[in-house]
Amino acid sequence: MKKNKKYNIDSPSHRVRNRLLKNKPAMFGLVIIIIAHIISLLGYLIMPDDTPNADDGSAHIKKQPPGFRVLILKTIKNRDVPKVNIIQKIFFGQESEYKIEPISEYDIKGNTVYYKIFGKPDRLSQPLITTVKKVYNGTSLKLNPDSATGLNFNIKGNVITYLDLDENLQTITLEDLQKEFLEKNLEWRTYWLGTSKEGRDLLSMLLFGTKISLSIGFISVLISVVVGVTVGALAGFFGGWIDNVLMWFMTVIWSIPGIMLVIAISLALQSRGIWVAFVAVGLTMWVEVARVVRGQIMSIKEKLYVEAAKALGIGNMRIIFVHILPNVIGSIIVIATSNFASAILIEAGLSFLGLGVKPPMPSWGKMVYDGYMSNWESGGAYLVFFPSLCICLLVYAFNLFGNGLRDAYDPQKATKW
């Protein structure tokens, strides 16, 4: 008795996935893309400087080299700083309770801390109590203010009495105050990739720039796919004068350099910033999507199943979006991946020209420009190198992954590695 043979019939999607997984350069690109998305999703949780826009810097330590380490004097802000939950912190950061100053030395005498700003010879001083505690700064009859500073605290022997922000009397001994100062108001900071020309942590700015680049890419590609698929589907399916008009419009848009079109859209919207960049970049990349979709639909609409759908009285829009477009999804995915890399480059170019995100929000393109304009050839080459490396690596990863998708969907045109 013969045994029945078992045949494994793979679906087209299964074969595409297998071919993609065997493409090592594409998998390398995918790993880089996944890491970039993890960095973007974790956001401020993994940034050394978790303040909004990574803006907790000091001009006294601008353009310091990678590995720079300095002692930070932290003076408490004399107001309530709202606390945010974990979700808000991931997306928007947490404002610091302190103002920072890099110092080279300090000395404590009673209620006064003496210090020298990093790189400066002058010796400065400030009250220890206002460095550590939030002191009421209005006029109050509850406490005679300090005669020297006029602030709402006074010292009797070893005890300091002060008014807190709610105008309540508080007391603390000098020993406890000095101990709290040493524990909370002094911090050694290491800037692993150096500092920017504003004295901000470069590593934190690069991590934040990952979120900006991926956000620009995602929103721009989404806009380009929606517009491009719609226009290309209408042109390819209906043909005739509709196709002629839409093709003429696509040719006009196609003839304008992308960066010039983005600048024109930004000027037309009379605004600049991240959302304008989203829209402007997205509206420059839809033509390529439309041309590919148009060509695919022109060949597919002659298939028998499309004729059968028409014979059954199914509407044209349903035929286009339910019966035809699912069969060209592979081509759309490939071109969308390629456009993702293009969007990152365009955004970097816009930010370099000053038409992208607004300061102090970090962007890789803006960081390259700042590094270039800050005499990068004289000891500041890292200001250009690190953001440029991030741009190249992410764009390279998307191009590798896009090539892998193209080879997976069309193995006859596969690149031989």
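Applying the set (1) touching a Lys or Arg at 6+ places or on another chain (Cβ under 9 Å); (2) surrounded by fewer than 18 Cβ atoms within 10 Å (Cβ to Cβ); (3) aliphatic (A, V, I, L, M) to ALA311 leaves exactly one unmet item: (1).
Scanning the range 297-306 finds one or more residues that are touching a residue at least 12 places away in the same chain (Cβ under 8 Å) and buried (at least 21 other Cβ atoms within 10 Å of the Cβ). Does TRP254 qualify as being assigned by TED's automatic domain parsing to the domain that holds THR337 and under 19 Å from ASN316 (Cα atoms)? Judged against the criteria, TRP254 is not a match. On the basis of being assigned to a helix (DSSP H, G or I) and more than 21 Å from PHE68 (Cα to Cα), does GLU180 make the cut? Yes.
With respect to (1) under 25 Å from ASP107 (Cα atoms); (2) modelled with pLDDT of 90 or more; (3) in contact with a helix residue (DSSP H, G or I) (Cβ under 8 Å, 6 or more places away or on another chain), the lone exception for LEU151 is condition (2). Note on the range 28-43: residues that are surrounded by 15 or more Cβ atoms within 10 Å (Cβ to Cβ) and either under 13 Å from SER215 (Cα atoms) or within 14 Å of the chain's Cα centre (by Cα) (or both) amount to 5. Of all the numbered requirements in (1) in contact with a Gly (Cβ under 7 Å, 6 or more places away or on another chain); (2) part of a helix (DSSP H, G or I); (3) within 30 Å of PHE68 (Cα to Cα), GLY199 misses one, and that requirement is (2). For the range 91-169, the strands (runs of 3 or more DSSP E) that sit wholly inside it and include 2 or more residues that are touching a residue at least 60 places away in the same chain (Cβ under 8 Å) are 98-109. Among the residues of the range 219-239, just one is crowded, with 24+ Cβ neighbours inside 10 Å, among the polar types (S, T, N, Q) and within 30 Å of VAL306 (Cα to Cα), namely SER224. Of the residues LEU141, LEU177, LEU165, which single one is of a type in the set (A, V, I, L, M, F, W, C), in contact with a strand residue (DSSP E or B) (Cβ under 8 Å, 6 or more places away or on another chain) and assigned by TED's automatic domain parsing to the domain that holds ASP107? Only one candidate qualifies: LEU177.
So which of TRP286, TRP241, TRP248 is over 24 Å from LYS366 (Cα atoms), under 25 Å from the mean Cα position of the chain (by Cα) and not aliphatic (A, V, I, L, M)? Among TRP286, TRP241, TRP248, only TRP286 is over 24 Å from LYS366 (Cα atoms), under 25 Å from the mean Cα position of the chain (by Cα) and not aliphatic (A, V, I, L, M). Looking at the range 102-116, is at least one residue surrounded by fewer than 13 Cβ atoms within 10 Å (Cβ to Cβ) and over 37 Å from the mean Cα position of the chain (by Cα)? Taking every residue of the range 102-116 in turn, at least one turns out to be surrounded by fewer than 13 Cβ atoms within 10 Å (Cβ to Cβ) and over 37 Å from the mean Cα position of the chain (by Cα). SER13 satisfies every condition listed in (1) surrounded by 13 or more Cβ atoms within 10 Å (Cβ to Cβ); (2) without any contact (Cβ under 8 Å) to a residue 12 or more places away in the chain; (3) not hydrophobic (A, V, I, L, M, F, W, C) except (1). When ILE216, ILE242 are checked against the criterion of being surrounded by fewer than 20 Cβ atoms within 10 Å (Cβ to Cβ) and not assigned by TED's automatic domain parsing to the domain that holds GLU97, ILE242 stands alone in meeting it.
The values are calculated or read from the model by the stated rules, or taken from the named source; none is laboratory data. Computed from a predicted model, the values in this text were never measured in an experiment. Reconstructed Cβ throughout: ideal geometry from the backbone, glycine too, with neighbour counts over all protein chains shown.
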